[in-house]
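*Asks:* Following this message is one structure expressed as structure tokens.
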Amino acid sequence: MTKYRVYGLRVNNQRTPITVTYPVTFTWKLISGKQKRYFLEISTDSDFTTLVLNIEKFTSNTKFVLKDKMLDWNTKYYVRVRSLNNKDELSEWSTVHTFELPVVEWSAKWIRPKKQNNPDHPFLTKYNFKTTAPIEKARLYITAQGVYQASLNGNRVGNDYFRPGFTDYNHRLQYQQYDITNLLQNENEIQVLVADGWFTGYYGWDQSKDKFGHRTALLAQLQIEYINGEKVTIGTNENWKFFDNPIQSADIYNGETIDYRVRNAIIGNGEMTVINYPNKKLVPQEGPSVHQITTLHPQKVLKSTPNETILDMGQNMVGWVRVKVHGNKGQKVITRYAEIMVKHKDFYTDNLRNAKAMDTYLLDDDTEVIEPHFTYHGFRYVQIKGLGYELNSEDVEGIVLSSKMQVTGSFKTDNEKLNRLEKNIEWSLKANFFDIPTDCPQRDERLGWTGDAQIFAPTASFLVNTQGFFKKWLKDVALDQADQGGAVPLVVPDVLKGMLSDGQMNTTTGWGDVATFVPWTLYKIYDDKEILVNQYDSMKSWVDYMMSRGDNPYLWDTDIQLGDWLALDSPHKGADPVFGATSTALVATAFFAESTRVLASAAKVLGNMSDYLFYHSAYEKIVEAFQSHFLDANYTLVSNTQTANTLALKFNLLDGQAKQVAIQNLVNMIYNNNDHIVTGFLGTPYVCEVLADNGYQDLAFKLLFNEDYPSWLYQVNHDGTTIWERWNSVMDDYTMNPDGMNSLNHYAYGAIGNFLYRYLGGIRLRKPGYKESIIYPVLPKNNKVNHVAIQFNSENGLIQNTWTRKGYQFQMDTIVPDNTEAIIVLPTPADKKDLLNKLQMKYPKMIVGLTDKSTTEFMGEKYPLGPDSERSLTVFGADAVVITVTGGTYNFEYQLG
């Protein structure tokens, strides 16, 4: 029997944090038992002889949150945990983790070159110093107005990119802390390169610069503690020196120019100047940083001549190529990047619009490897010109960059096209979770579109742990929202500033709802009440804003709206009809209702009962307003579209006959469109779920497995390796859709992943953090899939489900994490009574409840606002088997009915 043990201890959702901020959250997982008590120790030494905190609690909850500021700043702490289970078995201590709480008393000064002929030229500054005794520990605290890369004694500091990261610099600027203890010598030289980045570089399709400032600057402070107790601080000031460097220009959109002939010679007398900047804006780093997450190699050589090489990396990716080269001094080599070879032969960059996406290198005699530093590209194909010889494809590596997040989910079936679709979703996530959640990674945009993030958050949070990533970004959502009186900007950080619709639009439904939807998603998935605490004012401000928009506070029928963006049922004529046919007032009021419901739920979780009662009542009035305003005498929505009916059903805005009419209208519209959808950004994420939840699973799977336009597999069939912005971004003849807004790496339609994981894979959430889960796979009757293997590493442990169907023979293997419970719904067996008897004999201690109701609402009311549940679950099939189990491994084999 497996020994009871603790594993997976994390501090603020990190395995090996250097620094954390308050509140400090400790989480862990268990194997082979249910916890009834835990012991958590925090010490200033690794032997735990000097305890700072000794926590003992009787609870099954595997989380401890330290809110009170009881720990000292800049002190290294050690933490461990052990657990006692309900059999009184005491685990061993967990693996020990360390952490620090940074606070910097900045004596360093902000500096930049005193005189710089070209302010767009990244600057290099250096400083030399000595150490005087053996070192106990040393830390580098560093940030920049721009992006930086630091090295110490020729060794790179850290392995992350694009630091200090992207925040709304008008409000806050992150700094990083690095452990440099092992990099120091007796004599030392620190070098820091600083480039424009998001701070002063070109950003936004208006091709303007200086969104946050006119010039770059650096702030760095080294704090050294010697074993003898002496402490030394070395900071940036006017004594640092300005040097030339090979990087002549670096821009996120336009690429980088590097002249390897340039040496790091001091410029003039190397003067740096001190500038003023409000350090109150400085905050410690939050969330994961951008890292190289993998390396790709070319899959095909499409053209190879001495003057031009075109390579197919086999995957639309984000980053750049690193190339081994040889050449002559002054020789120019250019790399350009593209997403598609039109008609499989023409290198196509028109969809990049104004982004040049080009890196230029001037070689020196000893140049061996070329790659950029402060730019990134979205591409599958790379063109390399100017080498003068035929390049060996083995000399090229694709450097894949993304925010580094723990992989939590996997999904695989026996249908290779469906597997490719799921991989496309994963790769679009990797490409666009780049310090902020961007819309696309290749053209002159790459903005933090709020609607795209809201749509995709549930899918993303299955695949990777998004907790830290979204927490960091949501703080900017709240700050930028406050600047607009509660209206959530279209993009965050808000660089558009009302640029859309000639300044007439600064928010829109579906996009602004990121303020409510994403915090609620994080709470449910990670059992993270702190995100609700942090974002509650933002959530409330958004709902209050919507209530203020017209004469009727329960109806949002004013303002310009994007509506069901890029839907195919647009009534508008013109070159690029982007607005769907669904009434924007209907869409706005539907999301208004759902955001208000979510806010009321959050208020209840946080114990704010006055707000709960107020917004619960408001929610009910919005539903009444929706029904009275958007239903005709025949119970049909006045804007009778696929998206209108989908949203009304998904958000439970209809009941009785009106609900039945909406279901039938949705089904009929899909049938009448040859079993295809015409939904856009706001309808597509929910349509398959709504069909499956209302008894039309077969139609939902028909939509999923369609292979002609418009469909998800159309993209797969047309060589897509990421999710496209449009249903027809690539035409049947493999030409590019001529409309100017056309990305081949845009995750919004990848929200179908949530349907794959919850319905086809069968893993669903019942209580926050998956403390209770539901295992309920829905089997497609079309036999397009007969095997699915899915797993999700939840806050409470690994959930795994694998099912196989061979004719009428069915097998399912399920793992439910220890210290949790699950409801398992088994597809209808040929002999229900026999199966139940076998299960009771096989798992007499593990099964704690059985029911054979054909429709079972496990989770409270029909439409609960309670904190601990999702909406009600409907089980289809009169003879489906429903069992309740505790943590363990389960195997089911039987004949299907």
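The values are calculated or read from the model by the stated rules, or taken from the named source; none is laboratory data. Since the structure is predicted, the reported quantities are computational estimates derived from the model, not experimental observations. All Cβ positions, even for glycine, are placed from backbone atoms using ideal geometry, and neighbour counts span all protein chains on display. Side chains included, ligands, DNA and RNA excluded: accessible areas come from the protein's heavy atoms. Shrake-Rupley method; radii C 1.70, N 1.55, O 1.52, S 1.80 Å.
*Asks:* Taking Cα pairs under 8 Å and at least six residues apart, what relative contact order does the chain come out at, in percent?
*Replies:* Details: 2134 pairs, mean separation 81.0, N = 897.
Result for the chain is 9 percent.
*Asks:* Could you tell me whether the stretch 745-820 comes out rounded, prolate or oblate from its Cα gyration tensor? Rule is a ≥ b ≥ c as square roots of the eigenvalues, rounded for a/c under 1.5, then prolate if a/b exceeds b/c, otherwise oblate.
*Replies:* oblate
*Asks:* Taking the full set of protein chains and a 1.4 angstrom probe, give the accessible area of Leu606 in square angstrom, rounded to the nearest 10.
*Replies:* 60
*Asks:* Could you tell me the center-to-center distance, by alpha carbons, between the stretch 552-617 and the stretch 263-282 in angstrom?
*Replies:* So the separation of the two Cα centres works out to 48 Å.
*Asks:* List the lysines whose Cα lies under 18 Å from the Cα of Lys767, skipping any in the same chain that are fewer than 8 positions away.
*Replies:* Those lysines meeting the cut-off are Lys29, Lys34, Lys63, Lys524, Lys529, Lys604, Lys862.
*Asks:* Show which aspartates and glutamates lie in cross-link reach of Lys345 when reach means a straight Cα distance below 17 angstrom and same-chain residues fewer than eight apart are skipped.
*Replies:* Glu308, Asp312, Asp719, Asp732, Asp733
*Asks:* Students sometimes get this wrong: rank His326, His97, His377 by accessible area, probe 1.4 Å, all chains present, largest first.
*Replies:* His326, His97, His377
*Asks:* Compare Thr2, Thr735 by solvent-accessible area with a 1.4 Å probe and give them largest first, with all protein chains kept in place.
*Replies:* Numbers: Thr2 85, Thr735 30 Å².
Descending order: Thr2, Thr735.
*Asks:* For a test of the definition: using alpha carbon positions, the gyration tensor, and the 1.5 limit on a/c, classify the stretch 405-758 as rounded, prolate or oblate.
*Replies:* Cα axes put the stretch 405-758 in the rounded bin.
*Asks:* Per residue and in cubic angstrom, what volume does the convex hull of the Cα atoms of the chain have?
*Replies:* 172
*Asks:* Something else now. Per the helix-only calculation at 222 nm, which mean residue ellipticity applies to the chain, given -39500 (n - 2.57) for every DSSP H run of n ≥ 4 and division by its residues, nearest 500 deg cm²/dmol?
*Replies:* Mean residue ellipticity, 222 nm, calculated: -7000 deg cm²/dmol.
*Asks:* Taking only protein heavy atoms into account and a 1.4 Å probe, give the accessible area per residue of the chain in Å².
*Replies:* Details: 33330 Å² over 897 residues.
Accessible area per residue, the chain: 37 Å².
*Asks:* What is the magnitude of the charge dipole of the stretch 111-285 about its Cα centre, with +1 placed on the Cβ of each Lys and Arg, -1 on the Cβ of each Asp and Glu, and no other charges, expressed in debye to the nearest 20?
*Replies:* Once rounded to the nearest 20, the dipole reads 280 debye.
*Asks:* While we're on this one: Just tell me, in residue order, which DSSP H segments of the chain are both 30 angstrom or longer along the helix axis (alpha-carbon based) and at least 1.6 in mean Kyte-Doolittle hydropathy.
*Replies:* none
*Asks:* A further question follows. Could you look at the stretch 495-561 and say what percent of its accessible area is carbon and sulfur, using a 1.4 Å probe and all protein chains?
*Replies:* Carbon-and-sulfur percentage of accessible area, whole number: 42.
*Asks:* Please give me, ordered by residue number, the trypsin sites (Lys or Arg not before Pro) of the stretch 214-305 that lie in loop per DSSP and have at most 14 other Cβ atoms within 10 Å. Mind dumping the intermediate values first?
*Replies:* On the way: sites: Arg215, Lys231, Lys241, Arg261, Arg263, Lys280, Lys281, Lys300, Lys303; in loops: Arg215, Arg261, Arg263.
Listed in order of number, the matching sites are Arg261, Arg263.
*Asks:* If ligands, DNA and RNA are left out, what is the accessible area of Asp527 with a 1.4 Å probe, given in Å² to the nearest 10?
*Replies:* Per-residue accessible area (Asp527): approximately 50 Å².
*Asks:* Okay, moving on. List the aspartates and glutamates whose Cα lies under 13 Å from the Cα of Lys115, skipping any in the same chain that are fewer than 8 positions away.
*Replies:* Cα-Cα hits under 13 Å: Glu238, Asp244, Glu271.
*Asks:* Which links in Lys417/Lys833; Lys137/Lys404; Lys76/Lys280 stretch past 28 Å when you go from one Cα to the other?
*Replies:* Lys417/Lys833
*Asks:* Within the stretch 531-604, report the trypsin sites (Lys or Arg not before Pro) that DSSP leaves as loop and that have at most 12 other Cβ atoms within 10 Å.
*Replies:* For trypsin sites (Lys or Arg not before Pro) across the stretch 531-604 that sit outside H, G, I, E and B with at most 12 neighbouring Cβ atoms in 10 Å, the list reads Lys573.
*Asks:* While we're looking at this one, here's another question. Positive end of the dipole of the stretch 405-758, charges at C-beta (+1 Lys, Arg; -1 Asp, Glu), about the Cα centre: which of Asn432, Val598, Asn634 has its Cα farthest in that direction?
*Replies:* Sorting the options by dipole projection puts first Val598.
*Asks:* Related question: Could you please put Trp93, Trp427 in sequence from largest to smallest accessible area, using a 1.4 Å probe?
*Replies:* Most to least solvent-accessible, the answer reads Trp93, Trp427.
*Asks:* Would you please state the base-10 log of I(q)/I(0) at q = 0.10, 0.12, 0.15, 0.22 1/Å for the stretch 36-126, with intensities from the Debye formula using one equal scatterer on every alpha carbon?
*Replies:* With one equal scatterer per Cα and no solvent, log10 I(q)/I(0) is -0.47, -0.56, -0.69, -1.13.
*Asks:* GluC sites (Glu not before Pro), restricted to the stretch 208-284: which are DSSP loop and have at most 11 other Cβ atoms within 10 Å?
*Replies:* The qualifying sites are Glu230.
*Asks:* Cα extents of the stretch 133-208 along the three principal axes, largest first, in whole Å?
*Replies:* Result for the stretch 133-208: principal-axis Cα extents of 53, 23, 16 Å.
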